[in-house]
Amino acid sequence: MVRADMAVLIDVGSAWVKAGVIARANDRWRLVAHAAQPTAWGASELRRALIDQLRVVADRRLMATLDDLFADANRIECHSARRPARAAVVAVSRELSGSTIRRAAEAAGWQVTVVVTFDDGRGLAERLATLQAADVDAWLIGGGFTGSRSPRALDAAALVASARRDGGGPVVWAGSAELADEVAHLFEPGAVSSAPNPRPDARREDPGPLRSRLAQLLRETVADEDETHLASVAFPRAVGALAGAAGMRILGVDLGARTAIRVLAEPDGGVISRVHARGGLAGAIGVPGAAGRIARLAGEAGDEAAVADLIQTLRAHPASLPETAEELAGTQAAARVQLAAIMEESSFGPVDLVIGAGRTIAAPPHPAQAARMLLDGIRPIGVTQLAVDAAALLGPLGSLADDEIGEGIASLDQDLLVPLGTAVVCRGGEIGRAAMRVTVHRSGWPSLAPIDVRVGQLQVVWLPRGAKAELTIELAAGVNLGLPRRSPRIHAVASGGAVGLMLDARGIPIGLPRRGDDRRAMLSAWRDQLHREAVPGSERVA
Amino acid sequence: MSVVHRVRLPVGAAAMVEVGHRVEPAEVLATTRTPRGGMSIPVALPLRRSAADAEQFLAVRPGRTLDAGATLASDERGREVRVVEACLFLAYDRDDGSALVAPLGGSEPIVGHVRGEVVSVGAQAIEIRVAGALVAGIGGSGPAVHGELRVAVDEPGAELRAGAIDVGSTGHIVIGGSRASAETLTRARAMGVAGIVLGGVLDKELRDFEAAQARRRELAGVRGDLGVLLLEGFGKVGFDPGLFGWFRAHEGRLASLFGDLARLYVYDADAPPPRRALSVAGDRVIAHRRPHAGQGGTLVRVLDRLQASSSGVVARAGLVRFEDGHTDIVPLANLEATEPLAGD
């Protein structure tokens, strides 16, 4: 990358393409142009938009050669998978083996289009007909606890053998290991592979190895492209490199039009990532009761029927933009619901930094809206920096060779992420009572009086980008920051950003009043609190 | 013009047509025999072996179809187990030495619901070339139906009222306007309307209607469902005026509507007005988001600078003169250009 004076970083999503031009000026790489547009508009329109921006910022002596410079620039690109991979799940029980396998598949990036279980209320003929009509890329079968030889689990495999054509896609046996040979015998040679049982007993779930196996299968069977350029691979690589370089525990979430990616990266370079096939905005339509939940959370998006139309529109026209305040509120509430859904699967404890990516989170009209989606959707307990990948650079950087990712991240430095500030999120306590007292010390600034935050409150303290503050946090009885308390006073450092220091004692999950008027009043108060203290114009999130 | 329609075949289906065959919408393309409930057939006992030993003498693997009288298992001593009726072999029970089979029902027809020429016949699908135009929608509901097109509203933004559905609509595919209530959809089904094409519909009303159709099937076993195709958006969303004009020009033509696939084939028709994602000044456009969803107009000018809409979202935008006379600035991402038809 550093061999050229200009490079174009492109993230091609299923609905929008985002591109940034970076150029070297005074021995520093800077982001000099950025454009985002619907993917369907095509490459030439994107090129035109970027060159138009370059004409404004480039040295006059380069004007005549801008087109050539752009044409010769390195292109660093990542993209979403061309099509979703579809799987059928056949298992003994809906609640045990069925739901575990389904969640593992969706977390590995598969779209589960058919689920058949022996307690689904259907008869044998209907189950067979459903499976025979299934148009899927892979078959996932499970059932039986470890050490047992459940005949029902074998029946599940036989059902698939009866409905699937020879050569009709790979079969993954994710049930009792004792049955693996018998299951393999039901299919043509080479069709079946086994994965460790994700439900070894009724009380324990261990979906990790199955998820890894399914992620590998996804790449083998569907994504016949260079996998390092897939956003689902590139984004986690970039977040992992950033965590290693910064020595931070980082949670990254990329909420796209169709899918969502969640990454947890440790300072030692360990990365755990999940691709949620229906985790994107369009997937909100598949969440049971989503319209009602979004209508309640948004406060100002209209009634349930209006929100139902909105989330269908997000599916039907994923590249379109909300024009009215009501539609924006509904879209952002849908993003919060989807974030909460992808965080539900596992608890991750406190992290140092949360990064939001994807147009809805990373490019809202106001940075406070990005902060609210991350705060409400993820509920990052503890003291956490929040930032957004506003220029969508992480994905393309993650598609570079291993040794170049760190170099790219270091080169872009200040332009890589837009910091929103630091959140202090606690849980516990009784509503209306004191939750925490926070003293903010900033060197060179007069001391502020301690800030008392009550349970259910959200307060924001102005702390601009680049500023640091030392915090002393005193928690009330029954309130915690997600870690064992060793002292009555907790000391932490907060970094500033476009929103500032957010002191959030609204609990996990956030409790909302039942009465509609009370709920809307509370939601408005939280929104106003975030907006009032943020400094519009001091940071640009676009 | 022509388009290719693909009819997926279930496992075990037998094709009844060959390449080059001309088919009508109601014609049977293939037949399939659907398995009924399962039953057990003793295997170990007639072979005089233990349940575990008998498994090795099975002649077929689970998933195989057996004709009536076919051998299910046989051993070297000449003992055999045969099935008395055609069935699907599902599984062998090692504990009691029996085979679970699903007897096959009578042949059921697989109807293509399109008129055209068969261009390929495979184990997985039959492809048919349809002489006509394809109109793709953004959503829909219901099974495949066919009938003649009948325009039931006066203008593209008008709501399809229950009163507009009369006996003359029976067996037709009705072209509605910006919305149809659940009451209208229910009346249409009751009057024997084959399908309805709409610019928009409220998601809640469509779901309510689908739920009523499902209950009707479960409780009364009644068929004759209504196919619904949605072209522009959810909510009260009008037709693209250009497309509405195209439907008017093709009123009376035979069409096949696939609600679940959101497709409509209109036979012997010219192509509908094509669309482009990126609009340029002078284009006839259709808007997709509130407050202009479903409204058509002309893109007067693409604005030089990024514009903020009332939501605060900043994007490239254009000045649109809508057909009701008002003008507004609309993000280009929310517009689709519709090409004028010859003679427009």
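The values are calculated or read from the model by the stated rules, or taken from the named source; none is laboratory data. Predicted, not measured: the structure shown is a model, and the values here were computed from it. Glycine also receives a Cβ, built like all others from the backbone with ideal geometry; neighbour counts cover every protein chain displayed.
This table checks each residue for (1) in contact with an Asp or Glu (Cβ under 8 Å, 6 or more places away or on another chain); (2) modelled with pLDDT under 95; (3) more than 30 Å from A:Phe235 (Cβ to Cβ).
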position: A:Leu375; (1), (2), (3): yes, no, no
position: A:Ala387; (1), (2), (3): no, no, no
position: A:Ala392; (1), (2), (3): yes, no, no
position: A:Ile405; (1), (2), (3): no, yes, no
position: A:Val418; (1), (2), (3): yes, no, no
position: A:Thr422; (1), (2), (3): no, no, no
position: A:Val425; (1), (2), (3): yes, no, no
position: A:Gly432; (1), (2), (3): no, yes, yes
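Could you please find all residues in region A:153-180 being assigned to a helix (DSSP H, G or I) and either facing another protein chain (nearest Cβ under 10 Å) or surrounded by 21 or more Cβ atoms within 10 Å (Cβ to Cβ) (or both)?
Result: A:Ala153, A:Leu154, A:Asp155, A:Ala156, A:Ala157, A:Ala158, A:Leu159, A:Val160, A:Ala161, A:Ser162, A:Ala163, A:Leu179.
Please pick out the residue among A:Pro396, A:Pro380 that is assigned to a helix (DSSP H, G or I) and either buried (at least 22 other Cβ atoms within 10 Å of the Cβ) or at pLDDT below 95 (or both).
Details: A:Pro380 fails: assigned to a helix (DSSP H, G or I).
Step by step, each of A:Pro396, A:Pro380 is checked, and only A:Pro396 is assigned to a helix (DSSP H, G or I) and either buried (at least 22 other Cβ atoms within 10 Å of the Cβ) or at pLDDT below 95 (or both).
Report whether or not A:Ala257 is among the aliphatic types (A, V, I, L, M), touching a residue at least 40 places away in the same chain (Cβ under 8 Å), within 14 Å of chain B (Cβ to nearest Cβ) and under 25 Å from A:Ile76 (Cα atoms).
Yes.
Output the number of the condition that A:Gln369 fails; it satisfies all remaining conditions of (1) at pLDDT below 95; (2) within 25 Å of B:Leu306 (Cβ to Cβ).
(1)
I'd like to verify a number: residues in region B:9-39 that are assigned to a loop (DSSP other than H, G, I, E, B) and β-branched (Val, Ile, Thr), how many?
Adding up the residues that qualify gives 3.
Right, B:Arg48: out of contact with any Leu (no Cβ under 6 Å at 6 or more places or on another chain), within 11 Å of another protein chain (Cβ to nearest Cβ) and in contact (Cβ under 8 Å) with a residue 24 or more places away in the chain or not?
no
Looking at region B:104-116, can you tell me whether even one residue there is more than 12 Å from chain A (Cβ to nearest Cβ) and closer than 29 Å to A:Pro151 by Cβ?
Taking region B:104-116 and keeping what is more than 12 Å from chain A (Cβ to nearest Cβ), we get B:106-107, B:109, B:111-116.
Among the residues that remain, those that are also closer than 29 Å to A:Pro151 by Cβ are: none.
Within region B:104-116 (the criterion being more than 12 Å from chain A (Cβ to nearest Cβ) and closer than 29 Å to A:Pro151 by Cβ), the answer is no, since none of the residues qualifies.
Could you list all residues from region A:283-313 that are surrounded by 24 or more Cβ atoms within 10 Å (Cβ to Cβ) and at pLDDT 85 or above?
If the condition is that a residue be surrounded by 24 or more Cβ atoms within 10 Å (Cβ to Cβ) and at pLDDT 85 or above, then A:Gly283, A:Ala284, A:Ala291, A:Ile294, A:Ala298, A:Val307, A:Ala308, A:Asp309, A:Leu310, A:Ile311, A:Gln312, A:Thr313 are the ones that fit.
Given B:Val266, B:Val300, B:Val320, which one is in a strand (DSSP E or B) and in contact (Cβ under 8 Å) with a residue 40 or more places away in the chain?
Just one listed residue meets the conditions, B:Val266.
Just wondering, is there one or more residues in region A:288-299 that are under 23 Å from B:Glu336 (Cβ atoms) and either out of contact with any strand residue (DSSP E or B) (no Cβ under 7 Å at 6 or more places or on another chain) or within 12 Å of chain B (Cβ to nearest Cβ) (or both)? Walk me through how you get there before you give the answer.
Of region A:288-299, the ones under 23 Å from B:Glu336 (Cβ atoms) are none.
Checking region A:288-299: not a single residue is under 23 Å from B:Glu336 (Cβ atoms) and either out of contact with any strand residue (DSSP E or B) (no Cβ under 7 Å at 6 or more places or on another chain) or within 12 Å of chain B (Cβ to nearest Cβ) (or both).
Please pick out the residue among B:Glu323, B:Glu336 that is more than 14 Å from every other protein chain (Cβ to nearest Cβ) and within 28 Å of B:His250 (Cα to Cα).
B:Glu323
What are the pairs, 6+ residues apart or on separate chains, where a residue within region A:25-41 that is away from chain B (no Cβ under 14 Å) and free of Cβ contacts under 8 Å to residues at least 60 places away in the same chain has its Cβ under 7 Å from a residue that is assigned to a strand (DSSP E or B) and among the small types (Gly, Ala, Ser)?
A:Val32/A:Ala23
Within region A:86-140, track down each residue that is in a strand (DSSP E or B), closer than 25 Å to B:Arg33 by Cα and within 14 Å of chain B (Cβ to nearest Cβ).
Hits for region A:86-140 are A:Ala88, A:Val90, A:Thr113, A:Val114, A:Val116, A:Trp139.
Among the residues of region B:82-101, how many are within 8 Å of chain A (Cβ to nearest Cβ) and within 27 Å of B:Val17 (Cβ to Cβ)?
1
Check whether at least one residue in region A:364-385 is away from chain B (no Cβ under 14 Å) and in contact with a Cys (Cβ under 8 Å, 6 or more places away or on another chain), and report yes or no.
Yes: one or more hits.
Could you tell me whether A:Ala282 is closer than 30 Å to A:Ala308 by Cβ and free of Cβ contacts under 8 Å to residues at least 60 places away in the same chain?
Values: closer than 30 Å to A:Ala308 by Cβ: yes; free of Cβ contacts under 8 Å to residues at least 60 places away in the same chain: yes.
Yes: the conditions hold for A:Ala282.
So, in region A:51-74, exactly how many residues are in contact with a helix residue (DSSP H, G or I) (Cβ under 9 Å, 6 or more places away or on another chain) and not in a helix (DSSP H, G or I)?
Selection size over region A:51-74: 1.
Quick check: anything in region A:336-352 at pLDDT 95 or above, on the phi > 0 side of the Ramachandran plot and touching a strand residue (DSSP E or B) at 6+ places or on another chain (Cβ under 8 Å)?
no
Can you pull out every residue in region B:321-344 that is out of contact with any helix residue (DSSP H, G or I) (no Cβ under 9 Å at 6 or more places or on another chain) and within 19 Å of A:Glu45 (Cβ to Cβ)? Even if it seems obvious, please write down each step before you answer.
Residues of region B:321-344 out of contact with any helix residue (DSSP H, G or I) (no Cβ under 9 Å at 6 or more places or on another chain): B:321-322, B:324-331, B:334-337, B:342-343.
Of everything in region B:321-344, those that are out of contact with any helix residue (DSSP H, G or I) (no Cβ under 9 Å at 6 or more places or on another chain) and within 19 Å of A:Glu45 (Cβ to Cβ) turn out to be B:Val330, B:Pro331, B:Asn334, B:Leu335, B:Glu336, B:Ala337.
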